[in-house]
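Please read the structure below before turning to the comments.
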Amino acid sequence: MKKFRPRKFDKRERFNGRTAHNQEKIYMYGRHALEEALAKAPQTVRKVFLSPEAAERDLRDNLSKRGIPFSIMKAKDATHLVGKEATHQGVIAVVDPSSLVVDFNAFKRNLQPTEETILVLLDELTDPQNVGAIIRSAAAFGAAGVLIPEHRQAPITGAVVKVSAGMVFSVPLVSIGNVNYTVTDLKEMGFKTYGLVMNGSTNIADEKFDAPTLFIVGNEGRGIREKTLELCDVRLRIPMDPRCESLNASVSAAVVLYQWSVHHLK
């Protein structure tokens, strides 16, 4: 039997920067995230770096079967790729972001909205943790897509993939240009538009969600921009104990998505 001799990590391949993202590729990390990618979107994975401990036979065979190159790295090599703080579990993969995100016009062509259709639009969120958590919730509660602006918005990074628990490979991620044009477009397709607002006029428990639904989640600090808020059919609020002033963006999204699911998921 031929002995397994993986190619060693080449330092010239290292990522030069503090984040795990640039315009050409994303460094995704963690065993679970890689398994999700291989199961649901293997075409997005360009290369994998493994620590000796993580280079198990089953994983190597899976990568080889799919024609995905891999090499062995040392601990210091992982630091070069994704930094000291990333919990990579000895698994780092290079992912092509263009394979993760679909253009809105292409997405819209295949969209046939019904009462069961739900979309989530991120209105200039800046925290990758929030973006990843919202994508995970969107997948959990059956969203047809997460709409992500091209500008002034946290992009899809390794941290986003990690926080999403690999759900970036399960729910369509849709790149949009102008948020207001997109909202108007979807309204013309029959979507009812809901803005998540701390002092919204409608309690989420009172809404039936009986039309194609678009939830808009605003920026962590300023919330939804005024022009966008004016386009919302309903301004939703989450009832809370007065001891708590507000919830963060990802928690608010999860609560509202769950409330929608009460009417639609069995």
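The values are calculated or read from the model by the stated rules, or taken from the named source; none is laboratory data. Bear in mind that the values here come from a model prediction, so they are computed numbers and not experimental data. Glycine also receives a Cβ, built like all others from the backbone with ideal geometry; neighbour counts cover every protein chain displayed.
Among the residues of region 105-127, those that are more than 23 Å from Glu226 (Cα to Cα) and in a loop (DSSP other than H, G, I, E, B) comprise Asn110, Leu111, Gln112, Pro113, Thr114, Glu115, Glu116, Thr117.
The single condition among (1) assigned to a loop (DSSP other than H, G, I, E, B); (2) out of contact with any Lys or Arg (no Cβ under 7 Å at 6 or more places or on another chain); (3) modelled with pLDDT under 95 that Ala205 does not satisfy is (1). Taking residues in region 178-189 that are assigned by TED's automatic domain parsing to the domain that holds Arg152, and partners anywhere that are aromatic (Phe, Trp, Tyr) and assigned to a helix (DSSP H, G or I), the pairs with Cβ atoms closer than 9 Å and at least 6 places apart or on different chains are Thr182/Phe104; Asp185/Phe104.
Select from region 91-123 the residues that are surrounded by fewer than 18 Cβ atoms within 10 Å (Cβ to Cβ) and either on the phi > 0 side of the Ramachandran plot or among the acidic types (Asp, Glu) (or both) and list them in ascending order. Result: Asp96, Asp103, Glu115, Glu116.
Just one of (1) under 21 Å from Ala139 (Cβ atoms); (2) touching a residue at least 60 places away in the same chain (Cβ under 8 Å) trips up Asn110, so point out which. Result: Asn110 fails condition (2) only. I need a count of the residues in region 213-244 that are among the β-branched types (Val, Ile, Thr) and not in a strand (DSSP E or B). Within region 213-244, residues that are among the β-branched types (Val, Ile, Thr) and not in a strand (DSSP E or B) number 3. From the residues in region 112-124 that are in contact with a Gly (Cβ under 8 Å, 6 or more places away or on another chain) and hydrophobic (A, V, I, L, M, F, W, C), which one is farthest from Asp210 (Cα to Cα)? Restricting to residues being in contact with a Gly (Cβ under 8 Å, 6 or more places away or on another chain) and hydrophobic (A, V, I, L, M, F, W, C), the top hit is Val120.
Residues in region 71-104 that are touching a Lys or Arg at 6+ places or on another chain (Cβ under 7 Å), over 26 Å from Val146 (Cα atoms) and either assigned to a loop (DSSP other than H, G, I, E, B) or at pLDDT 85 or above (or both): Ser71, Ile72, Gly83, Gln89, Val91. Selection of region 30-64 for residues being in contact (Cβ under 8 Å) with a residue 40 or more places away in the chain and among the hydroxyl-bearing types (Ser, Thr, Tyr) yields Thr44, Ser51. Which one of the conditions (1) crowded, with 18+ Cβ neighbours inside 10 Å; (2) under 21 Å from the mean Cα position of the chain (by Cα); (3) within 17 Å of Pro149 (Cβ to Cβ); (4) not hydroxyl-bearing (Ser, Thr, Tyr) does Cys232 fail to meet, given that it meets all the rest? The failed condition is (2). Here Ile92 passes the criteria (1) among the hydrophobic types (A, V, I, L, M, F, W, C); (2) in contact (Cβ under 8 Å) with a residue 12 or more places away in the chain; (3) assigned by TED's automatic domain parsing to the domain that holds Asn248 except the one numbered (3). Among the residues making up region 158-170, a single one is surrounded by fewer than 21 Cβ atoms within 10 Å (Cβ to Cβ) and either closer than 24 Å to Arg225 by Cα or aliphatic (A, V, I, L, M) (or both): Ala165.
Filtering region 206-217 to residues that are in contact with a helix residue (DSSP H, G or I) (Cβ under 7 Å, 6 or more places away or on another chain) and not basic (Lys, Arg) leaves Phe209, Thr213, Leu214, Phe215, Ile216, Val217.
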